[in-house]
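The values are calculated or read from the model by the stated rules, or taken from the named source; none is laboratory data. All values derive from a computational prediction rather than experimental measurement. Glycine also receives a Cβ, built like all others from the backbone with ideal geometry; neighbour counts cover every protein chain displayed.
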Amino acid sequence: MGALSVLVTGGAGYIGSHTVVQLLKDGYKTVVVDNLGNSSEVAITRVKELVGDRANNLSFHQIDIRDKPALEQIFANTKFDAVIHFAGLKAVGESVHKPLMYFDNNIIGTITLLEVMATYGCKKLVFSSSATVYGWPKEVPCTEEFPLSAANPYGRTKLMIEDMCRDIYASDSDWKFILLRYFNPIGAHPSGHIGEDPHGTPNNLMPFIQQVAVGRQPALQVFGTDYSTKDGTGVRDYIHVVDLADGHTAALSKLSDPNIGCEVYNLGTGKGTSVLELVSAFEKASGKKIPLVKTGRRPGDAEIVYAATAKAERELNWKAKYGIEDMCRDQWNWACKNPYGYPTQETN
Ligand code: NAD
Ligand code: UFG
């Protein structure tokens, strides 16, 4: 049997690029489609540099997944064993102001992808869902059986796509779906070669801290100091992006289990870290002081969110290996080597 072929949508992005490295290392043939709306082709060049000879197993196409004829061409050229679907818009605040843009990109994009997959008889999908579907959980850790809700249009797209997958599976049990609910990915590849490069001002905590550390932002605003947590600040389950990437190769292996239908797994560490704890770990890793401005709560934010990890450990045989210190070390290494993110063009 030859190597398995995987289509990765959004594979030039933050989580996608780290996952593509793992896929190539594990011997998969990998085709990436990405419209580069929130990423750079330099990420693909860097991935190739990281994997040596395995780079021959990677091809990249700048395509929008809503462009059905272009997507069909990709499927006509390669018979895929599975698809990992990262492509989507992900800024919560932006989704509140531009809901139609989010429904168009995330929902129409996914429908187009699923239609083309069905046409070409590829019925195995790993989907990037999010802990956002737990809303403000009544208790922690969040198990996969918790009630689901959407607090904003971005979250609604994740929930709708999860529901679409459940409905499609109910209508046709040839499909196999793994829905991965990510908690908070941070960090970067230990080489410092690839990492997160948000366009514009970052919305998320770690990229913001990084920009303060390299002098691109004057101070970090701490959103809320009056939560019922250890130090009053919000608590999240931060997970190293390389651990998250490994979760995808584990999910791909699981897709060959004949008993799998449509399954959901949390990908988190099971540990909660507060905003102030993360800042302090980053200060230690970087030797930089992060000035803080304590402000009010950010609307829509939950107090404490962390994952129950037992199901993924048991069924995917996967467990996060890295701790907060590793995440901060690798984030800082990426930041030092790429303080302004990827260059517009690779010069070396
Ligand atoms: P990212 O923005 O770095 O990557 C997404 C990629 O998809 C980008 O390269 C973008 O250019 C591409 N893309 C977007 N719309 C597209 C389209 N219509 N056609 C083709 N390409 C398109 O984001 P990420 O952090 O790597 O997230 C990947 C996935 O994981 C997203 O679906 C996101 O919602 C989900 N997720 C992310 C987080 C997080 O905190 N980063 C948490 C939970 C879930
Ligand atoms: N925070 C600050 N200052 C900032 C940014 C964030 O104090 O400048 C705080 C937030 O209030 C929260 C914590 O840092 O307590 C984490 O915030 P993030 O924005 O980094 O992450 P969220 O948990 O709010 O949301 C992220 C993604 C969602 C995703 C969710 C779960 O933005 O899309 O993780 O995966 F759904």
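Observations on the model:
- Residue satisfying condition, being closer than 21 Å to VAL241 by Cβ, within 13 Å of ligand 1 (Cβ to nearest atom), aliphatic (A, V, I, L, M) and buried (at least 16 other Cβ atoms within 10 Å of the Cβ), within set LEU89, LEU58, LEU71, LEU50: LEU89
- GLU196, sole failed condition from (1) within 16 Å of ligand 1 (Cβ to nearest atom); (2) surrounded by fewer than 22 Cβ atoms within 10 Å (Cβ to Cβ); (3) closer than 28 Å to LEU316 by Cβ; (4) acidic (Asp, Glu): (2)
- Criterion: of a type outside the set (Ser, Thr, Tyr), within 14 Å of ligand 2 (Cβ to nearest atom), touching a residue at least 60 places away in the same chain (Cβ under 8 Å) and crowded, with 19+ Cβ neighbours inside 10 Å - qualifying residue of VAL126, VAL140, VAL133: VAL140
- Restricted to the range 177-207, and to residues there that are away from ligand 2 (no atom under 16 Å from the Cβ) and under 15 Å from the mean Cα position of the chain (by Cα), the residue that is nearest to ILE44 (Cα to Cα) is ILE194.
- Qualifying residue in the range 269-276 (condition: more than 13 Å from ligand 1 (Cβ to nearest atom), part of a strand (DSSP E or B), under 22 Å from the mean Cα position of the chain (by Cα) and not charged (D, E, K, R)): yes
- The residues of the range 282-293 that are surrounded by 15 or more Cβ atoms within 10 Å (Cβ to Cβ) and not aliphatic (A, V, I, L, M), listed by number, are PHE282, GLU283, SER286, LYS288.
- Any hit, the range 241-262, residues being free of Cβ contacts under 8 Å to residues at least 24 places away in the same chain, of a type in the set (Asp, Glu) and assigned to a helix (DSSP H, G or I): no
- Strands (runs of 3 or more DSSP E) contained in the range 148-224 and holding at least 2 residues modelled with pLDDT of 95 or more and among the aliphatic types (A, V, I, L, M): 176-182, 220-223
- Taking each residue of the range 200-229 that is farther than 15 Å from VAL293 by Cβ and looking for partners that are of a type in the set (Asp, Glu) and in a loop (DSSP other than H, G, I, E, B) with beta-carbon atoms closer than 6 Å, six or more apart or interchain, yields PRO207/GLU196; TYR227/GLU303.
- Number of residues in the range 204-234 that are among the aromatic types (Phe, Trp, Tyr), crowded, with 19+ Cβ neighbours inside 10 Å and in contact with a helix residue (DSSP H, G or I) (Cβ under 8 Å, 6 or more places away or on another chain): the value is 0.
- Of LYS79, LYS90, all but one fail to be in a loop (DSSP other than H, G, I, E, B), basic (Lys, Arg) and over 22 Å from the mean Cα position of the chain (by Cα); the exception is LYS79.
- Residue within the range 111-120 that is part of a loop (DSSP other than H, G, I, E, B) and away from ligand 2 (no atom under 16 Å from the Cβ) present: yes
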